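Here the structure comes first, spelled out in structure tokens, and everything after it is commentary.
The values are calculated or read from the model by the stated rules, or taken from the named source; none is laboratory data. None of the values given here were measured: they were computed from a predicted structure. Note: ideal-geometry Cβ built from the backbone for every residue, glycine included; neighbour counts use all protein chains shown. Side chains are part of the model used for accessible areas, which takes the heavy atoms of the whole protein and leaves out ligands, DNA and RNA. Shrake-Rupley method; radii C 1.70, N 1.55, O 1.52, S 1.80 Å.
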Amino acid sequence: MAYIHPYPTPSPSPPDHDTLSSGNYPLVVVASTRTVVSGTVIPATIAISPVTGKIISVISAVLPRNAFATGTQYTDYSPHLLLPGIVDAHVHLNEPGRTEWEGFYTGTRAAASGGVTTVIDMPLNAIPPTTTINGLGEKVAAAQGKCWVDVGFYGGIVPGNAHELRPLVAAGVRGFKGFLIDSGVAEFPAVSSTDILKVMAELADEPTTLMFHAEMIPPITDSVGDDVQWSLPPLAPIGPLNEYRTFLASRPTSFEEYAISQVISLAANAPDLPLHIVHLSAIEAIPMLREARAAGVKITAETCFHYLSLAAENIEHGDTRHKCCPPIRTQMNQDGLWEELLSGEDSVIKTVVSDHSPCTPELKLLPHSLRAHANREGLPQTPPSEDEQLAKEERKAGDFFSAWGGVSSVGLGLPILWTSAFENHRDISPVNVAKWCCEDTAKQVGLDHCKGKLEVGYDGDICVFDDTAEWIVGAEGEGMLFRNKVTAYQGKKMRGAVRETWLRGRKIWDRAAVTTSDGFGGMKPGGRLLLEPRKS
């Protein structure tokens with residue numbers, strides 16, 4: 001019987017068989033014939049301390065219940081998969097200020113239902129944004145007692161806040177995000193290259209990561225200068241505003257290519273500062289990222305579940321649930337992202353995240369034919385009382401340029417990945433998923449000492465995944481626990497379902513126990529706020 005220890009994290013020796021059986025060592029124990037441990041899928045038994053919530057032993061065999069003391073909480077989940085709890089490193093929870101869009105309670109509850117045990121909250125679209133110490137303080141106060149999963153926070157970079165960044169690092173933010181194009185909200189303006197240089201000077205030797213929404217309008221002449229780094233209105237649309245192809249043409253891949261080239265060009269000003277491109281959508285940017293990494297630039301990229309599963313060719317007129325920036329591109333582009341992801345350790349795309357960016361149904365400007373599928377929880381849809389009002393709304397409905405951009409998918413990521421791979425015959429394994437969505441996302445935000453692996457000394461965060469189950473998003477409310485029931489995935493058939501989610505040895509989601517009365521089978525939120533300063 002072999003014990004598996006983490007490396008390089010030191011850990012105590014696991015208890016021997018006599019101790020496990022003696023009744024002197026109270027445990028939470030889970031087991032399965034298919035457990036992702038150390039880059040392989042093996043039979044394993046995992047013991048978690050109910051006191052610390054840490055994994056205290058991982059045994060490469062499925063031990064029977066009678067191997068443990070009476071009173072041990074034991075479950076053998078065979079043949080379901082045991083994965084590390086997912087770390088979603090890109091989520092907009094929007095509270096305070098825009099809690100009607102999403103909030104800590106609803107957003108983290110939805111995350112838990114999808115096997116997510118850690119989310120990192122983006123610095124926008126809350127009011128105030130997390131660009132100052134005071135802004136972080138308001139976020140922390142708003143989150144108290146509401147989180148189903150563990151929650152960390154990113155800081156934001158905006159013009160004029162460079163002096164706030166080191167205090168935010170000391171206060172425990174997991175990294176910093178800035179926009180190179182208009183963010184869509186006035187309180188989070190874009191930064192110029194001059195701003196970025198000031199930020200790099202402040203953060204050059206800090207244990208953090210500098211991240212960018214990488215879209216910029218390329219200059220027409222060399223004389224345009226820094227003005228190009230601020231959002232400008234799109235060129236005249238090439239077609240009807242309710243046709244997705246019109247929107248797609250307004251945000252071409254050149255926007256991403258130009259922005260990423262600008263980030264790379266500034267990297268030498270802080271050579272030890274890790275850089276990261278959020279929500280990469282354009283495969284045309286991959287060669288320049290590869291070249292930069294080969295030259296020693298510390299830069300990585302993430303992509304999102306929607307870019308790996310949705311394609312422009314399949315988006316219907318007016319279905320603004322699919323609007324996001326950068327946009328969902330073609331099937332050929334999706335294939336290229338998958339190819340890069342599956343290229344192994346050399347891939348420039350290291351992580352896959354949700355970029356859950358919700359809003360109210362009204363802001364999506366859905367056509368009347370789609371609104372019935374987008375009612376907010378607890379708020380019944382009230383039809384317009386006059387035909388004139390309905391006609392006025394319908395004139396704006398389905399406008400991809402006026403609708404809010406963002407795809408709601410927190411808690412849906414694992415089934416989305418699994419379904420896309422299954423339907424397109426892509427050769428992925430649970431090990432791939434654990435790498436992209438657990439291990440490397442934890443590393444990205446400086447939590448790789450305690451999150452993202454099923455190893456001794458790590459938090460007992462576990463996702464129990466039935467990779468053969470089939471279900472439909474939205475049927476009887478399934479998969480839509482986020483506040484507003486507006487998602488591009490509604491009505492889609494999924495393969496793979498999260499059966500249970502465990503956070504530090506405590507069950508926080510049980511698909512079989514969900515009730516219509518409280519939506520969570522009587523369980524209560526118990527997530528922590530991750531405010532310990534980063535060490536790397």
Point to revise | Lone unmet requirement of (1) outside any loop (DSSP other than H, G, I, E, B); (2) open to solvent by less than 60 Å² (accessible area, probe 1.4 Å) for D335 | key: (2)
Exercise for review: Report whether or not G411 is in a loop (DSSP other than H, G, I, E, B), among the small types (G, A, S), at pLDDT 95 or above and crowded, with 21+ Cβ neighbours inside 10 Å.
Suggested key: yes
Revision key, fill the gap. Matching residues in region 130-175 (without any contact (Cβ under 8 Å) to a residue 40 or more places away in the chain, in contact with a Phe, Trp or Tyr (Cβ under 8 Å, 6 or more places away or on another chain) and not aliphatic (A, V, I, L, M)) number 2
Check your understanding: Restricting attention to region 278-299, does a residue exist that is open to solvent by less than 40 Å² (accessible area, probe 1.4 Å), of a type outside the set (D, E, K, R), under 12 Å from M211 (Cα atoms) and without any contact (Cβ under 8 Å) to a residue 60 or more places away in the chain?
Key -> yes
Review point. Among the residues of region 23-34, is any within 20 Å of R174 (Cβ to Cβ) and of a type outside the set (D, E)?
Key: no
Review point. If you take the residues in region 28-56 that are under 25 Å from the mean Cα position of the chain (by Cα) and not in a strand (DSSP E or B), which one is surrounded by the most Cβ atoms within 10 Å (Cβ to Cβ)?
Key: G53
Review point. Taking L310, is it within 30 Å of G411 (Cβ to Cβ), part of a loop (DSSP other than H, G, I, E, B), at pLDDT 95 or above and aliphatic (A, V, I, L, M)?
Key: yes
Review point. Does D427 meet the test of being under 23 Å from D346 (Cβ atoms) and open to solvent by less than 40 Å² (accessible area, probe 1.4 Å)?
Key: no
Check your understanding: Which residue pairs have Cβ atoms closer than 8 Å, lie 6 or more positions apart in sequence or on different chains, and pair a first residue in region 95-121 that is modelled with pLDDT of 95 or more and open to solvent by less than 10 Å² (accessible area, probe 1.4 Å) with a second residue that is part of a helix (DSSP H, G or I) and of a type in the set (S, T, Y)?
Key -> V119/T108
Point to revise | Number of the exception - A403 against (1) open to solvent by 10 Å² or more (accessible area, probe 1.4 Å); (2) over 15 Å from S113 (Cα atoms) | key: (1)
**Study point:** Conditions (1) at pLDDT 95 or above; (2) within 30 Å of G239 (Cβ to Cβ); number of the one not met by A372
**Key:** (1)
Exercise for review: Could you check, for region 287-303, whether at least one of its residues is under 18 Å from S408 (Cβ atoms) and in a loop (DSSP other than H, G, I, E, B)?
Suggested key: no
Practice item. Find all pairs meeting these conditions: Cβ atoms under 6 angstrom apart; at least six residues apart or on different chains; first residue within region 189-202 and assigned to a helix (DSSP H, G or I); second residue open to solvent by less than 10 Å² (accessible area, probe 1.4 Å). Key: V199/I157; M200/A270; E202/L165
Study note, to complete from the structure: Pairing a residue in region 454-478 that is free of Cβ contacts under 8 Å to residues at least 24 places away in the same chain with any residue that is crowded, with 24+ Cβ neighbours inside 10 Å and not in a strand (DSSP E or B), where Cβ atoms lie under 9 Å and the two sit 6 or more apart in sequence or on different chains, gives I472/G479; E478/S113
